[in-house]
Amino acid sequence: MKVLVTGGTSGLGLAMASALAATGATVALTGRSGERAESVAAGLPGATGVEMDVRDESSVARAVDRAWSRLGGIDMLVNNAGIGMRTVNPRFMTQPQGFWEVPSDAFRAVIDTNLTGYFLVAREITPRMLASGGGRIVNISINHSTMRRAGFVPYGPSRAGSEALSRIMAADLRGTGVTVNLLLPGGATLTGMLPQDVVAPEGHGFLRPAVMGPPIVWLASDDAAGVHDERIVATEFEQWLRDGESRR
């Protein structure tokens, strides 16, 4: 399996790239800094790093060309690159802002990365997958409650938009051999998107990025061939698998 993971230099992206590489997949991971992407990839077996700014159409086209050439094709795209509320309000967990307080340039930056970025990468790679006879797209999402949470403009709307985009992509691609699925951790996860001084609520711990490993490895496996338009929550993955087996 040849996999392109956007935003793969840290957090969920790195956890997924690491899990895939450990099971024998050939992985290209991207980052805005090509040097950092190459440095991180050097620590994974058989991986390669590629510079990509998902907000920039020409950067996306160059990166997909490079990744396709280096891997000899791409079987799976993991749309993961994103920025969080820290870029808008560093204290968003303890001092949330009303939407009317959010600067318009900060709003656009998050939407351009988290929503338009998913669109640009998928738009660039889908025709190649169709021409090669098939492929898999996994779009990373978040809990629905986070999409509606007070103080979470523009992050919540950006992820709600990317989830709607994913559903429409799945509808457009049904029956083509290219599958589209959603994957999300299932709770707040210890990544660079959290404030450095944040404390988990009493009785609730933060998830580790490695929670994404088992479901993304499964989605790259033969068992997931033909699985389409599903929304998979990593913390509920084993139960989801059992439920699917019982339905079959």
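The values are calculated or read from the model by the stated rules, or taken from the named source; none is laboratory data. Since we're looking at a predicted model, the values are computed, not measured. Positions of Cβ are backbone-derived with ideal geometry, glycine not excepted, and every protein chain shown enters the neighbour counts. To get the accessible areas, we keep the full protein, side chains included, count just its heavy atoms, and leave off ligands, DNA and RNA. Shrake-Rupley method; radii C 1.70, N 1.55, O 1.52, S 1.80 Å.
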(request) Please list, in chain and number order, the residues 5+ apart from Glu230 or on another chain whose amide H is under 5 Å from its amide H, with Hs placed from the backbone. (result) Leu182
(request) Return the distance in nm (one decimal) between the two label points of a simple spin-label model at Gln239 and Ser10, each offset 7 Å from Cα along Cα→Cβ. (result) 3.2 nm
(request) May I ask you to derive the FRET efficiency for Thr23 and Leu130 from their Cβ-Cβ distance with R0 = 25 Å, giving the value to the nearest 0.05? (result) 0.45
(message) Given the options Met169, Ala225, Met76, identify the residue whose Cα lies farthest towards the positive end of the charge dipole of the chain (+1 on Cβ of Lys, Arg; -1 on Cβ of Asp, Glu).
(response) Met169
(request) Please work out how much length the chain gains when fully extended from Arg208 to His144, using 0.36 nm per residue of separation minus the C-alpha to C-alpha distance, in nm with one decimal. (result) 21.1 nm
(request) Starting from the residue with the highest accessible area, list Glu101, Glu35 in decreasing order, probe 1.4 Å. (result) Glu35, Glu101
(request) Heavy atoms only, probe 1.4 angstrom, no DNA, RNA or ligands counted: give me Asp223, Asp53, Asp75 ranked by accessible area, highest first. (result) Asp223, Asp75, Asp53
(request) Give a residue-ordered list of calculated ³J(HN,Hα) values for the stretch 25-32 (Karplus: 6.51 cos²θ - 1.76 cosθ + 1.60, θ = phi - 60°; whole Hz; x for Gly, Pro). (result) 5, 9, 10, 10, 10, 10, x, 5
(request) Determine, for each peptide in 103-113, 136-146, the mean count of other beta carbons within 10 angstrom over its residues, then list the peptides with the highest first. (result) 136-146, 103-113
(request) Apply the Karplus parameterisation 6.51 cos²θ - 1.76 cosθ + 1.60, with θ equal to phi minus 60°, to every residue of the stretch 133-138 and state each ³J(HN,Hα) to the nearest whole Hz, in sequence, with x for glycine and proline. (result) x, x, x, 9, 10, 10
(message) Could you tell me the relative contact order of the chain? Use alpha-carbon pairs under 8 Å, at least six residues apart, and round to a whole percent.
(response) 19 percent
(request) Any chance you could run the full-extension gain for Glu57 through Arg70? It's 0.36 nm times the residue separation minus the Cα-Cα distance, nm to one decimal. (result) 2.7 nm
(request) Would you rank Tyr155, Tyr118 by solvent-accessible area, highest first, keeping every protein chain in place and using a 1.4 Å probe? (result) Tyr155, Tyr118
(request) Would you mind checking which residues have amide H under 5 Å from Phe92's amide H? H placed 1.01 Å from N; only 5 or more apart, or other chain. (result) none
